[in-house]
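Reviewing the structure listed below.
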Amino acid sequence: MSWTSSNRKGRLPVGWTALRITVLKRDRFTCQIRGQGCTAHATEVDHIQPGDNHGLENLRAVCSTCHSRKSTSEGIRAKARLRALRHRPADRHPGLLAQE
């Protein structure tokens, strides 16, 4: 993952490296997503529920392919939500307003 456009790294807790290793060992360095194109060898740690909950119950070991796919789909959904908020309803035709 590229950290250049993200503030995620700064929000990780002190001791993230040790926590990351704990999760990887717990999951036996095996990807817990196992999606299409999965390499099965986990090298990254993923938050199951998005946000800043860094509890062990919310972390899982994943391969870089599955992590990339999941992060991309989360980003696409977030952009869609923002786009929906910007959408203005179409102005009603003035002639139709008089008929209501």
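Numbers for the structure displayed
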read-out	value
Residue satisfying condition, being loosely packed, with under 11 Cβ neighbours inside 10 Å and of a type in the set (S, T, Y), within set T17, T39, T43, T30	T17
P89 in contact (Cβ under 8 Å) with a residue 40 or more places away in the chain, exposed (fewer than 10 other Cβ atoms within 10 Å of the Cβ) and not in a helix (DSSP H, G or I)	no
Index of the failed condition, W3 passing every other in (1) within 17 Å of H67 (Cα to Cα); (2) hydrophobic (A, V, I, L, M, F, W, C); (3) at pLDDT 95 or above; (4) exposed (fewer than 11 other Cβ atoms within 10 Å of the Cβ)	(3)
Which numbered condition N7 misses (of (1) polar (S, T, N, Q); (2) closer than 20 Å to A78 by Cα; (3) touching a strand residue (DSSP E or B) at 6+ places or on another chain (Cβ under 8 Å))	(3)
Any hit, segment 39-52, residues being out of contact with any strand residue (DSSP E or B) (no Cβ under 7 Å at 6 or more places or on another chain) and in a helix (DSSP H, G or I)	no
Contacts under 6 angstrom Cβ, first residue in segment 48-66 being within 10 Å of Q32 (Cβ to Cβ), partner part of a helix (DSSP H, G or I), 6 or more apart	I48/N58; L59/V23; A61/V23; A61/L24
Checklist (1) without any contact (Cβ under 8 Å) to a residue 24 or more places away in the chain; (2) on the phi < 0 side of the Ramachandran plot applied to A40, failing item	(2)
Residue identified as over 20 Å from the mean Cα position of the chain (by Cα) and either modelled with pLDDT under 85 or closer than 17 Å to D27 by Cβ (or both) among H67, H93, H54, H47	H93
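The values are calculated or read from the model by the stated rules, or taken from the named source; none is laboratory data. Bear in mind that the values here come from a model prediction, so they are computed numbers and not experimental data. Methodologically, a virtual Cβ is constructed for each residue, glycine included, from the backbone with ideal geometry; neighbour enumeration extends over all protein chains shown.
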